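Presented below is the structure to which this report refers.
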Amino acid sequence: MPRLKTMKNPLLAYTLARLGIFAGFLAVLLLLRFAPIAAVIIATMLSVSVSLIFLRGLRESSSARIYSALNKPKKTADEKAED
């Protein structure tokens, strides 16, 4: 996953990685002829577990980006008027 680490938006990279892991597990379970509902539930549990263990860096960079976006200094009325 070196390509995902170089993406500019870490939230998008993290989401795509998690969806890819889920899709992979789901495909394998469906090929093993699990019932579709059971396959979705099991794939969800497995993908959450794997992402918690292996996607720590992407998760931390995503949360840091969200934190910085939410905690930007507010513009004053003068700064807003200048824009």
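The figures follow:
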item: Residue check, Met45 surrounded by fewer than 16 Cβ atoms within 10 Å (Cβ to Cβ), without any contact (Cβ under 8 Å) to a residue 24 or more places away in the chain and touching a helix residue (DSSP H, G or I) at 6+ places or on another chain (Cβ under 7 Å); result: no
item: Test: residue in region 57-64 that is exposed (fewer than 12 other Cβ atoms within 10 Å of the Cβ), within 15 Å of the chain's Cα centre (by Cα) and not basic (Lys, Arg); result: yes
item: Residue selected from region 39-62 under the condition polar (S, T, N, Q) and within 13 Å of Ala13 (Cβ to Cβ), by the criterion modelled with the highest pLDDT; result: Ser51
item: Long-range neighbours under 9 Å by Cβ, at least six apart or interchain, first residue part of a helix (DSSP H, G or I) within region 57-83, second at pLDDT below 75 and not acidic (Asp, Glu); result: Gly57/Lys5; Leu58/Met1; Leu58/Leu4; Leu58/Lys5; Ser61/Lys5
item: Residues satisfying the stated conditions in region 30-42, i.e. under 18 Å from Gly20 (Cα atoms) and surrounded by 13 or more Cβ atoms within 10 Å (Cβ to Cβ); result: Leu30, Ala39, Val40, Ile41, Ile42
item: Close pairs (6 angstrom Cβ cut-off, 6 or more residues apart or separate chains): touching a residue at least 24 places away in the same chain (Cβ under 8 Å) and in a helix (DSSP H, G or I) in region 14-36, surrounded by 12 or more Cβ atoms within 10 Å (Cβ to Cβ) and β-branched (Val, Ile, Thr) anywhere; result: Ile21/Val50
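The values are calculated or read from the model by the stated rules, or taken from the named source; none is laboratory data. All of these numbers come straight from a predicted model, not from anything done at the bench. Cβ coordinates were reconstructed from backbone atoms using ideal geometry, including for glycine residues, and neighbour counts include every protein chain displayed.
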